[in-house]
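Some notes on the structure that comes next.
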Amino acid sequence: MEIKQDSKFKGLIKRIGAVAVVCVFCLAIALTIAFSVPKGQQVSNVMGQFVLPMNNATVVKDYADDRLQDNPTLKRWEIHLAIDLQSNDMNVFSIYDGVVKSIRSNGLEGKVVEIDHGNGFTSVYSSLENDVNVQENGKVNKGQQIGKASNAAGNEKLTGGHLHFMLYKDGKAVDPNIYLDLQNK
Ligand SMILES: [Zn+2]
């Protein structure tokens with residue numbers, strides 16, 4: 001009787017062991033997949049499909065979340081979570097299909113248009129001229145003109161006419177250089 005119980009016990013231990021091995025194996029596979037997928041692939045359905053917000057634009061002030069940049073207008077060094085673009089062509093275009101989330105205007109930023117592109121992406125176009133071509137909650141297409149760049153942003157007045165462009169992913173500012181081909185202009 002004792003021997004029988006012992007072998008039963010051993011069988012149970014073996015089964016638990018086998019289940020544990022399978023669990024560890026599955027976990028290892030899951031972790032390998034999770035860490036081997038490049039971050040960009042999560043947005044591959046949108047990435048590479050954004051168009052530039054201006055034609056023939058030059059980046060006059062880049063995005064940087066790890067260093068302060070000079071703001072001659074405000075005479076101070078500050079974090080610039082945006083890209084400032086200048087071009088002879090002041091027209092500003094939506095980088096992707098979307099819905100206009102908000103339009104606001106104030107002395108510091110000028111006219112600001114915010115577009116929701118889905119997939120967690122929102123683009124923000126500020127320092128626009130007061131007259132814009134879009135309406136709140138209206139649909140916009142990729143490449144559609146939304147307004148014109150200007151020097152309306154009081155906090156970057158000395159930059160002259162420009163677009164202060166921001167890109168957000170899941171509510172957090174991200175570097176537009178990662179998603180838009182901005183530097184080869
Ligand atoms: Zn700026």
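For the peptides 113-119, 138-144, 90-96, the ranking by packing is 90-96, 113-119, 138-144, with the highest mean count of neighbouring Cβ atoms within 10 Å listed first. For residue 81, neighbours were defined as the other residues whose beta-carbon sits under 9 Å from its Cβ, and their charges (Lys and Arg +1, Asp and Glu -1) total -2. Spin-label model, residue 151/residue 88: points 7 Å from Cα along the beta carbon direction are separated by 1.9 nm. Please name which of 141, 125, 110 has its Cα lying farthest along the dipole of segment 110-149 towards the positive end, using unit charges on Cβ (Lys, Arg +1; Asp, Glu -1) and the Cα centre as origin. Towards the positive end, the residue furthest out is 141. Full extension of the chain between residue 73 and residue 108 yields a length gain of 11.5 nm, computed as 0.36 nm times the residue separation minus the alpha carbon distance. If you wrap the tightest convex hull around every Cα atom of segment 48-185 and split its volume per residue, you get 95 Å³.
Relative to the Cα centre, the charge distribution of segment 110-176, modelled as +1 at Lys and Arg Cβ and -1 at Asp and Glu Cβ, gives a dipole magnitude of about 100 debye. Between residue 62 and residue 49, full extension at 0.36 nm per residue minus the direct alpha carbon distance yields a gain of 2.6 nm. Label sites at residue 15 and residue 181, each approximated as a point 7 angstrom past Cα along Cα to Cβ, lie 6.1 nm apart.
Bear in mind these aren't lab numbers, they're just calculated from the coordinates by the rules spelled out. The structure displayed is predicted, hence computed values, not measured ones. Neighbour counts are summed over all protein chains in view; Cβ atoms, including those assigned to glycine, are modelled from backbone coordinates with ideal geometry.
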